[in-house]
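Enquirer: Have a look at this one.
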Amino acid sequence: MAGKGLDPIFAQGSAPGRSAIAVIRVSGKLPASLYSELKINESKRSFFLRELDFGNFVDSCLVLNFPAPNSYTGESMLEIHSHGNQLIVSELFRWLEKRGLREAEAGEFSKRAFLNNKISLFQAEGISLGIEAETKDQLIALDSFRSGVLSKKIESIISQLNAVLVELEAQLDFSDEESVAETKSDVIQKSLNAVLVELDGLLKNYAPYEKNSLKKRVVLVGRPNVGKSSIFNALLDEEVAIVSKVAGTTRDVVRKVLPLSGFEVEIEDTAGLRSETNDEIEKTGMGLTVKAAASADLLIYVIDNAKEVVPEKFKDHSLVVFNKCDLGSPPPSFSGLKVSAKSGEGIDLLLEKMRNLATSSSGQKLVSERTHKKLEDAMKIISKKVVGADFFELTAQNIRDANQELKEIYGDLDNEKILDQIFNNFCIGK
Ligand code: GDP
């Protein structure tokens, strides 16, 4: 007896580096000798503590046995938990190689799971994007994609389209009877319009996942020398922007991602807003400032003089920050936030405001880019206007094409290359 599946593969499932334990996954048609060497009953779903002898040293490992088909891949699988040191992991890799196993390609476990009907392509992508997500917002927004809520909606659209297709095919058999056909084409168009409304709703509700989607942008704006670059640096706790006494030194928009307890906020330090400048480069910088400000989620308008009036165009969603409070406080009537980039006073509060912004969900939902594109393509095909004598035939073909696009979301693909392209984007060990 030997394990079930394709050629045996292995990969580290946990992140490389030092940790209490490292998890190495093994899947495929595992040699019978491996089970006997490990003293594991191949068909017993259980866990075992085993001393693995690497020649020069021994590591005590926990070995989990998942007999096929009750495993992630649907093949015979082992999970070996060694101690979390890359030196031990690489010894374990050599140990497995000597026993005829090879290191897995990126996404190979998930590809096998898909080929064994354990997960749909849709779910596989959901898992992969869940791992890639960089903010909690992204995880929340991916939830209906990952949990299969969206997949149910798409299934329902496919079955609605199939019902129309049945109607159409029946009509094709009676296409001699003109009058019947005419009323029927109206009914069919109506059913298709209903599907279009649903597809349109999905496309409006779901945006394609990109690395930066949902990342909140914070923009620092203010007159020259009020201390924007200094606040920027204080926030980042590192020297990124140029700090200088000469007005207008920050000519470009400096972008930096700020990790805030798991969330990321982009900060832009913009060129000073002077009403008069003859410097062409600085003028360009000011153009960028206004543009960056217009699309910001949070605008921080920095002043160092309480008398300064915030320009009308920045009033809307901006937080006024009075800087240099180490030199003197603003009057009690000042309703904004007072900080000192120099002493650090108020910087924590400012970070807190950003953190609140970063964790507020926009309610937008996400899907993989591929799924979004397929939904768009299906919508385009069904939207095609069909008139004339061939209405039934052409509409039937459009429905078949649209259904194909939708089915490909699940992985109804016969093209191995496309499949590989999708899974190659996964991380190793997944
Ligand atoms: P920006 O043009 O708005 O980016 O201003 P900078 O960050 O380049 O700062 C202009 C000047 O103000 C520099 O000399 C800074 O050292 C100084 N400065 C910035 N923040 C503070 C602060 O909180 N207190 C004091 N005393 N000086 C500051």
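Table: residues versus (1) aliphatic (A, V, I, L, M); (2) within 25 Å of the chain's Cα centre (by Cα); (3) part of a loop (DSSP other than H, G, I, E, B).
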| site | (1), (2), (3) |
| --- | --- |
| Leu357 | yes, yes, no |
| His372 | no, yes, no |
| Val387 | yes, no, yes |
| Ile399 | yes, no, no |
| Asn403 | no, no, no |
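Enquirer: For the structure I just gave you, tell me whether Lys342 is in a loop (DSSP other than H, G, I, E, B), within 16 Å of the ligand (Cβ to nearest atom) and surrounded by fewer than 16 Cβ atoms within 10 Å (Cβ to Cβ). Even if it seems obvious, please write down each step before you answer.
Expert: Values: in a loop (DSSP other than H, G, I, E, B): yes; within 16 Å of the ligand (Cβ to nearest atom): yes; surrounded by fewer than 16 Cβ atoms within 10 Å (Cβ to Cβ): yes.
Yes.
Enquirer: Please work out which residue is least open to solvent (accessible area, probe 1.4 Å), limiting yourself to the stretch 367-396 and to residues that are aliphatic (A, V, I, L, M) and at pLDDT below 85.
Expert: Taking the stretch 367-396 as the starting set, the residues that turn out to be aliphatic (A, V, I, L, M) are 367, 375, 378-379, 381-382, 386-387, 389, 394, 396.
From the residues that got through so far, the ones that are at pLDDT below 85 too are 387, 389.
Numbers: Val387: 124, Ala389: 106 Å².
Once the filter is applied, the top-ranked residue is Ala389.
Enquirer: On to the next question. Any residue at all in the stretch 150-160 that's among the β-branched types (Val, Ile, Thr), modelled with pLDDT of 90 or more and farther than 17 Å from Gln397 by Cα?
Expert: Yes, the stretch 150-160 contains at least one residue that is among the β-branched types (Val, Ile, Thr), modelled with pLDDT of 90 or more and farther than 17 Å from Gln397 by Cα.
Enquirer: Continuing with the same structure: Could you check how many residues of the stretch 325-353 are modelled with pLDDT under 90 and touching a Ser or Thr at 6+ places or on another chain (Cβ under 6 Å)?
Expert: Adding up the residues that qualify gives 0.
Here is a yes/no grid of residues against (1) surrounded by 18 or more Cβ atoms within 10 Å (Cβ to Cβ); (2) modelled with pLDDT under 95:
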residue: Gly3; (1), (2): yes, yes
residue: Pro8; (1), (2): yes, no
residue: Pro16; (1), (2): no, yes
residue: Ile24; (1), (2): yes, no
residue: Gly28; (1), (2): yes, no
residue: Leu34; (1), (2): yes, no
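Enquirer: List the number of the failed condition for Ala106; all other conditions in (1) part of a helix (DSSP H, G or I); (2) within 19 Å of Ile428 (Cβ to Cβ) hold.
Expert: With respect to (1) part of a helix (DSSP H, G or I); (2) within 19 Å of Ile428 (Cβ to Cβ), Ala106 is out only on (1).
Enquirer: Output the number of residues of the stretch 69-121 satisfying the condition of being in contact (Cβ under 8 Å) with a residue 40 or more places away in the chain, open to solvent by 60 Å² or more (accessible area, probe 1.4 Å) and of a type in the set (D, E, K, R).
Expert: The number of residues fulfilling the criteria is 6.
Enquirer: Then there's this: Restricting attention to the stretch 41-58, does a residue exist that is under 19 Å from Leu101 (Cβ atoms), open to solvent by less than 50 Å² (accessible area, probe 1.4 Å) and in contact (Cβ under 8 Å) with a residue 60 or more places away in the chain? Talk me through it step by step, then tell me what you get.
Expert: First, pick out the residues of the stretch 41-58 that are under 19 Å from Leu101 (Cβ atoms): 42, 48, 50, 52-55.
Then drop every residue that is not open to solvent by less than 50 Å² (accessible area, probe 1.4 Å), which leaves 42, 48, 52, 54.
Remaining after also requiring in contact (Cβ under 8 Å) with a residue 60 or more places away in the chain: none.
No, every residue in the stretch 41-58 fails to be under 19 Å from Leu101 (Cβ atoms), open to solvent by less than 50 Å² (accessible area, probe 1.4 Å) and in contact (Cβ under 8 Å) with a residue 60 or more places away in the chain.
Enquirer: Still on this structure, please answer the following. Would you say Glu134 is outside any helix (DSSP H, G or I) and out of contact with any His (no Cβ under 6 Å at 6 or more places or on another chain)? It would help to see each step written out before you state the result.
Expert: Numbers: outside any helix (DSSP H, G or I): yes; out of contact with any His (no Cβ under 6 Å at 6 or more places or on another chain): yes.
Against the criterion (outside any helix (DSSP H, G or I) and out of contact with any His (no Cβ under 6 Å at 6 or more places or on another chain)), Glu134 qualifies.
Enquirer: For the stretch 320-339, name all the residues that are β-branched (Val, Ile, Thr) and either more than 12 Å from the ligand (Cβ to nearest atom) or open to solvent by 20 Å² or more (accessible area, probe 1.4 Å) (or both).
Expert: First, pick out the residues of the stretch 320-339 that are β-branched (Val, Ile, Thr): 320-321, 339.
Scanning the stretch 320-339 gives a single hit, Val320.
The values are calculated or read from the model by the stated rules, or taken from the named source; none is laboratory data. All values reported here derive from a predicted model rather than from experimental measurement. Positions of Cβ are generated from backbone atoms using ideal geometry, with glycine treated the same way; all protein chains shown enter the neighbour counts. Just the protein is used for accessible areas: all its heavy atoms, side chains included, with ligands, DNA and RNA removed. Shrake-Rupley method; radii C 1.70, N 1.55, O 1.52, S 1.80 Å.
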